[in-house]
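Some notes on the structure that comes next.
The values are calculated or read from the model by the stated rules, or taken from the named source; none is laboratory data. As the structure is a computational prediction, the values presented were derived from the model and not from experiment. Note: ideal-geometry Cβ built from the backbone for every residue, glycine included; neighbour counts use all protein chains shown. Keep in mind that these areas ignore ligands, DNA and RNA; they rest on the heavy atoms of the full protein, side chains included. Shrake-Rupley method; radii C 1.70, N 1.55, O 1.52, S 1.80 Å.
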Amino acid sequence: MKFLQRRPSVERKKNRNGFLFCLPWCIGFLLFFFIPLIQSIAFSFSKVSVTTSGFELDFVGLENYYYILFQSPEYVDNLLDTLTTFGQQIPIIFVLSLIIAMILNSKFKGRTFFRSLYFIPVIIATGVVMRYLSGSVALQSMQGSAGDLETAYTGTMVNFQQFFEQMGIPESVSSMVFRYVNDIFNLIWQCGVHIILFISGLQAIPQSLYEVSKVEGATKWEEFWFVTIPCLGNTIVLVIVYSVIEFCVSTGNAVIQQAYTVLQKQQIYHISAAMLWLYFLIVACMIGLIFYLFNRLCLKKWQ
Amino acid sequence: MNLFQKSNRPAVDRSTARLMFRYRATNFLVSFFRYAFLICIGYIIIMQLLFVVSYAFRPESQIDDPSVVWIPRSLTLENFKIAIEAMDYFRALGTTMGVQVLSGLIEVFSCSLVAYGIARFRFKGRNLIFFLAIAMIMIPPQMTAVPMSLNFAHFDVFGILGLIGKIIGKDIRPNLLDTGFTFWLPSLFGVGLRSGLFVFIYRQFFKGLPKELEEAAYIDGANPLTTYIRVILPSSGVAMLTVSIFSIVWHWNDYYLSVLYFSSNYPLSVMLDQINSNIFNTTGILAGGADGAAMAGVFLFILPPLIMYMILQRKFIASIDRVGIVG
């Protein structure tokens, strides 16, 4: 009897095939991802010298990290700079793409047109093209002599800075607003994929929930906070992760840029690896913190 | 947004009429602000593209002319001639097609294979594989790119080739750098550019497929592989469309890996990056002075993906509603 039970059932046998489906991926994962990742950690703790038959590693401990933190010019500045931009941009992109996705998800005339227009950045927004677009003479000529974009959109007829000051809004607030306005092109062009993710998340929310909330007499505002946002839980996590990755990968990122210069121009592999790992660890901690807060403050409340 | 629907019944008394007026007014305001918002943002998106087009066809003399803003006084193809020459356009296009786009297409299939395995079979380690795929999304390619490029210079499969080489006494590890294999091989195994995300999308999609599809195939005597090829792949067109658009576009636009893996025979994205210095080398015009040519280069670079997008746009947008990327 025991023997019979141990014999793999048909179902079990079939499930074994599942592993065969994954086998190529597992090999590839080890070969093209896991081993290089381990090597890259090893690089950051040692001195790499390229020889004719590959490369050699000399273990030096934390020397590389010490070098980039205390001796290398600019690294710490770049790191702080990147993290501030990160902190400023991610929330704005997040909110903006959620708003756009909610509008594009509702029913109105010309929805398809606007959708196909808003997905264009997904197709062409990349480091190289973006550099040409945002640094183009075209934009600069529009910016006029003042050199900022607000004049490009409004002309020089209205001085908004003065206008805000007269309204009694402190300069720190208005300058922050202007920074975002100046960056609007950049911000909106980064929203493409996030909008797609949000739309597909919004589609997954069952319509019956909205009907129930309507019957219960919820306002739009309550509906948003108690139906839409909780149902978007997974999407929100995915979007945050995605924006962080996108930010890491983008060539406009000062740390990545520096690591790249060190790598390509000076061929110092270990310093570059250490720079990337330190940056990545900080970013990973930040993602972890976001998740923790998200779980603690939001998800617990809704349950 | 459709909270307040028009009712067809005629208004009976004054309070109903007032309510209806209020509904209509709200409706009108909501749609007014919606369109205003959409048009504003849409303008920011489209403005850049129009500028690219406007500059690409503009003669050099009119670029610094403050009286010409949008529409140039005369059109020229001179910029395109310079850009095609400086980018070595048709050779670079060939490289991009043969290396990047091809490996993007390979990835569409290889990722669906592993996603099918973890979505439809229950075996030990299934969750681990899924977790690793997610981890792959989170770790940027910059982390692994450098060791990869060093490994590709002396390509080895788990040290086997090196071992054989030691026995024979000859180094038989091939140098794959500067060849298409640097992109094809990872894609073939489903671990190429952003493949973690594609595995995720496919897995979510396969999870939603009805079980009966496969059961019918098994009863008819198909083995899992034929089931996958004959039944699953044909019915997952929507997911494949989404993934292939993303995959092709991201491979097309890839710059970082191309620069690392290639030392000549660059694909388009790298050539576009170098266009200004190339123009300077051939014609002696300083970078920035040839802005029209750079814009023509951008135009030529984004044209093929844009055409692809315009053709597939309707299906792509419909597929986003149906794939349920997040599920």
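The rows are residues; the columns are (1) in contact with a Leu (Cβ under 9 Å, 6 or more places away or on another chain); (2) touching a residue at least 12 places away in the same chain (Cβ under 8 Å); (3) within 30 Å of B:Glu212 (Cα to Cα); (4) outside any helix (DSSP H, G or I).
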residue	(1), (2), (3), (4)
B:Pro234	no, no, yes, no
B:Ala239	no, yes, yes, no
B:Ser263	yes, yes, no, yes
B:Val270	no, yes, no, no
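Scan region B:147-192 residue by residue and report those that are in contact with an Asp or Glu (Cβ under 8 Å, 6 or more places away or on another chain) and over 26 Å from B:Val249 (Cα atoms).
Taking region B:147-192 as the starting set, the residues that turn out to be in contact with an Asp or Glu (Cβ under 8 Å, 6 or more places away or on another chain) are B:154, B:162, B:165, B:173, B:187, B:190, B:192.
Passing the criteria: B:His154, B:Gly162, B:Gly165, B:Arg173.
So, of the residues in region B:169-189 that are part of a loop (DSSP other than H, G, I, E, B) and under 20 Å from A:Leu30 (Cα atoms), which turns out to be nearest to the other protein chains (Cβ to nearest Cβ)?
At the first step, the residues of region B:169-189 found to be part of a loop (DSSP other than H, G, I, E, B) are B:169-180, B:189.
When the remaining residues are screened for being under 20 Å from A:Leu30 (Cα atoms), the result is B:173-177, B:189.
Numbers: B:Arg173: 8, B:Pro174: 13, B:Asn175: 11, B:Leu176: 12, B:Leu177: 12, B:Phe189: 2 Å.
By that ranking, first place goes to B:Phe189.
In region A:205-228, is there at least one residue being under 20 Å from the mean Cα position of the chain (by Cα) and away from chain B (no Cβ under 11 Å)?
The first filter runs over region A:205-228 and keeps only residues under 20 Å from the mean Cα position of the chain (by Cα), leaving none.
No, region A:205-228 contains no residue that is under 20 Å from the mean Cα position of the chain (by Cα) and away from chain B (no Cβ under 11 Å).
Any residue at all in region B:103-119 that is touching a His at 6+ places or on another chain (Cβ under 7 Å) and under 27 Å from B:Ser247 (Cβ atoms)?
Yes: region B:103-119 contains one or more residues that are touching a His at 6+ places or on another chain (Cβ under 7 Å) and under 27 Å from B:Ser247 (Cβ atoms).
If you go through region B:209-232 one residue at a time, how many are assigned to a helix (DSSP H, G or I) and touching a helix residue (DSSP H, G or I) at 6+ places or on another chain (Cβ under 9 Å)? Spell out the reasoning first.
Filtering region B:209-232 for residues assigned to a helix (DSSP H, G or I) gives B:212-219, B:224-232.
If we keep only those that are touching a helix residue (DSSP H, G or I) at 6+ places or on another chain (Cβ under 9 Å) too, we end up with B:213-214, B:216-218, B:224-228, B:230-232.
Of the residues in that region, 13 qualify.
Taking region A:173-200, which residues are within 11 Å of chain B (Cβ to nearest Cβ) and among the polar types (S, T, N, Q)?
A:Asn186, A:Ser200
I'd like to check something: does region A:202-211 contain any residue that is part of a loop (DSSP other than H, G, I, E, B) and open to solvent by 50 Å² or more (accessible area, probe 1.4 Å)? Step through it out loud before you land on a result.
Of all residues in region A:202-211, those part of a loop (DSSP other than H, G, I, E, B) come to A:204-206.
Adding the requirement that they be open to solvent by 50 Å² or more (accessible area, probe 1.4 Å) leaves A:204, A:206.
Checked region A:202-211: at least one residue is part of a loop (DSSP other than H, G, I, E, B) and open to solvent by 50 Å² or more (accessible area, probe 1.4 Å).
B:Phe198: more than 11 Å from chain A (Cβ to nearest Cβ), in contact with a helix residue (DSSP H, G or I) (Cβ under 7 Å, 6 or more places away or on another chain), in contact (Cβ under 8 Å) with a residue 40 or more places away in the chain and open to solvent by less than 50 Å² (accessible area, probe 1.4 Å), yes or no? Outline the logic, then answer.
Working: more than 11 Å from chain A (Cβ to nearest Cβ): yes; in contact with a helix residue (DSSP H, G or I) (Cβ under 7 Å, 6 or more places away or on another chain): yes; in contact (Cβ under 8 Å) with a residue 40 or more places away in the chain: yes; open to solvent by less than 50 Å² (accessible area, probe 1.4 Å): yes.
For B:Phe198, the condition - more than 11 Å from chain A (Cβ to nearest Cβ), in contact with a helix residue (DSSP H, G or I) (Cβ under 7 Å, 6 or more places away or on another chain), in contact (Cβ under 8 Å) with a residue 40 or more places away in the chain and open to solvent by less than 50 Å² (accessible area, probe 1.4 Å) - is met.
From the set of residues in region A:103-117 that are within 23 Å of A:Gln207 (Cβ to Cβ) and more than 7 Å from chain B (Cβ to nearest Cβ), which is modelled with the highest pLDDT? If you could, list the steps in order and put the result at the bottom.
First, the residues of region A:103-117 that are within 23 Å of A:Gln207 (Cβ to Cβ): A:103-112, A:114-115.
With the extra rule that they be more than 7 Å from chain B (Cβ to nearest Cβ), the set shrinks to A:104-105, A:109-111.
Numbers: A:Leu104: 88, A:Asn105: 85, A:Lys109: 84, A:Gly110: 83, A:Arg111: 84.
The selected residue is A:Leu104.
I'm told A:Ser243 meets every condition in (1) more than 9 Å from chain B (Cβ to nearest Cβ); (2) hydroxyl-bearing (Ser, Thr, Tyr); (3) open to solvent by 20 Å² or more (accessible area, probe 1.4 Å) except one. Can you identify the failing condition by its number?
(3)
Select, from A:Ala273, A:Ala259, A:Ala284, A:Ala218, the only residue that is among the aliphatic types (A, V, I, L, M), part of a loop (DSSP other than H, G, I, E, B) and either in the same structural domain as A:Leu96 (by TED's automatic domain parsing) or open to solvent by 40 Å² or more (accessible area, probe 1.4 Å) (or both).
On the way: A:Ala273 fails: part of a loop (DSSP other than H, G, I, E, B); A:Ala259 fails: part of a loop (DSSP other than H, G, I, E, B); A:Ala284 fails: part of a loop (DSSP other than H, G, I, E, B).
It is A:Ala218.
Only one of A:Ile68, A:Ile120, A:Ile100 is among the β-branched types (Val, Ile, Thr), over 30 Å from B:Ser187 (Cα atoms) and under 22 Å from the mean Cα position of the chain (by Cα); which? Steps first, please.
Values: A:Ile68 fails: under 22 Å from the mean Cα position of the chain (by Cα); A:Ile120 fails: over 30 Å from B:Ser187 (Cα atoms).
Going through A:Ile68, A:Ile120, A:Ile100 in turn, the sole match is A:Ile100.
Looking at region B:108-121, can you tell me whether even one residue there is at pLDDT 85 or above, in a helix (DSSP H, G or I), more than 9 Å from chain A (Cβ to nearest Cβ) and open to solvent by 30 Å² or more (accessible area, probe 1.4 Å)?
yes
Would you check if there is a residue in region B:148-169 being in contact (Cβ under 8 Å) with a residue 24 or more places away in the chain and over 26 Å from A:Ala273 (Cβ atoms)?
Checked region B:148-169: no residue is in contact (Cβ under 8 Å) with a residue 24 or more places away in the chain and over 26 Å from A:Ala273 (Cβ atoms).
Give the residues of region B:122-161 that are open to solvent by 20 Å² or more (accessible area, probe 1.4 Å) and of a type in the set (Gly, Ala, Ser), sorted by residue number.
Of everything in region B:122-161, those that are open to solvent by 20 Å² or more (accessible area, probe 1.4 Å) and of a type in the set (Gly, Ala, Ser) turn out to be B:Gly125, B:Ala135, B:Ala153, B:Gly159.
Given the options B:Leu185, B:Leu241, B:Leu272, name the one that is on the phi < 0 side of the Ramachandran plot and more than 18 Å from the chain's Cα centre (by Cα). Even if it seems obvious, please write down each step before you answer.
Values: B:Leu241 fails: more than 18 Å from the chain's Cα centre (by Cα); B:Leu272 fails: more than 18 Å from the chain's Cα centre (by Cα).
Of the residues listed, the single one that is on the phi < 0 side of the Ramachandran plot and more than 18 Å from the chain's Cα centre (by Cα) is B:Leu185.
Quick check, is A:Asp77 open to solvent by 70 Å² or more (accessible area, probe 1.4 Å) and part of a helix (DSSP H, G or I)?
Values: open to solvent by 70 Å² or more (accessible area, probe 1.4 Å): yes; part of a helix (DSSP H, G or I): yes.
Against the criterion (open to solvent by 70 Å² or more (accessible area, probe 1.4 Å) and part of a helix (DSSP H, G or I)), A:Asp77 qualifies.
When you go through A:Leu289, A:Leu278 one by one, which is the residue that is within 24 Å of the chain's Cα centre (by Cα), farther than 29 Å from A:Pro121 by Cβ and open to solvent by 20 Å² or more (accessible area, probe 1.4 Å)?
From the options A:Leu289, A:Leu278, the qualifying one is A:Leu278.
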